[in-house]
Amino acid sequence: MLAYPAKTYRLLAVDDEEDVLELYHTILAPQPLSPAHHLFAVEEDSDPNNTLQAYFDKETNFSFDRASQGEEAVEAVRQATALSAPYAVAFIDIRMPPGIDGLQTATQIREIDPNIQIFIITAFSDYSVEQIQHQLSHHVVVLNKPFYPSDLLQFTANAIHAWERTQEIERLKLKLSQSL
């Protein structure tokens, strides 16, 4: 069984392009820039201290996983949930041939874990924002490429905070039901 420190938030990126997965890792868990950096908007005055960690206290940790296909992501979420180590946030591309697409992936993930925060991030979509929102019960962020890394950091921090509030509500509900 995997052991994570109490304040570890798990992130999952799903994309069929390795360079894009590496870029998510670079933005969310800083590493040297990958060749995919041209896919995203470049900030002229970017702050090198603008990291996901900056939105949290020093004791907070992040675990970053990646999947290159939807089926792989669904299985990762299934395993994480079974181990009581759920993902807080998933970043999912819409087009990931040859497997299931991002909307199908997000739908299956949401069936396994209704509390996961989902970002659909894509340059091209076969679905309208309204279709995506309707399919996922309006509990999703649709973000188009290119985007600014600082926006992704801010949106991710907000999603993690929302996920944590949801987790706390679930804990309180369980505690309340046990005391009744």
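The values are calculated or read from the model by the stated rules, or taken from the named source; none is laboratory data. Keep in mind the model is a prediction, meaning the values are calculated, not measured. Glycine gets a Cβ as well: all are built from the backbone with ideal geometry, and neighbour counts include every protein chain shown. The accessibility values were calculated without ligands, DNA or RNA, using every heavy atom of the protein model including side chains. Shrake-Rupley method; radii C 1.70, N 1.55, O 1.52, S 1.80 Å.
See the values below:
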read-out	value
Unit Cα scatterers, Debye sum, the range 105-157: log10 I(q)/I(0) for q = 0.29, 0.31 Å⁻¹	-1.21, -1.26
Added length on full extension, which subtracts the Cα-Cα distance from 0.36 nm per residue, residue 179 to residue 81	32.8 nm
Accessible area per residue in Å² at 1.4 Å probe, computed on the chain	55 Å²
Cα→Cβ-extended label distance, 7 Å offset, between residue 166 and residue 7, nm	2.2 nm
Kirkwood Rh, angstrom, the range 70-113 [1 / mean 1/r, Cα pairs]	10.4 Å
Reachable lysines from residue 173, criterion Cα separation under 25 angstrom, eight or more residues apart if same chain	7
Taking the range 81-180 and dividing mean pair separation by its residue count, relative contact order in percent (alpha carbons under 8 Å, at least six apart)	28 percent
Cα-derived Rg to Rh of the range 89-180, Kirkwood definition	1.05
Quotient of C-alpha Rg and 2.2 N^0.38 Å, computed over the chain	1.03
The range 49-132: Cα Rg divided by the 2.2 N^0.38 Å rule of thumb	1.18
Whole-percent carbon and sulfur share, accessible surface of the chain, 1.4 Å	53 percent
Relative contact order %, the range 50-102, counting alpha carbon pairs below 8 Å whose residues are six or more apart	31 percent
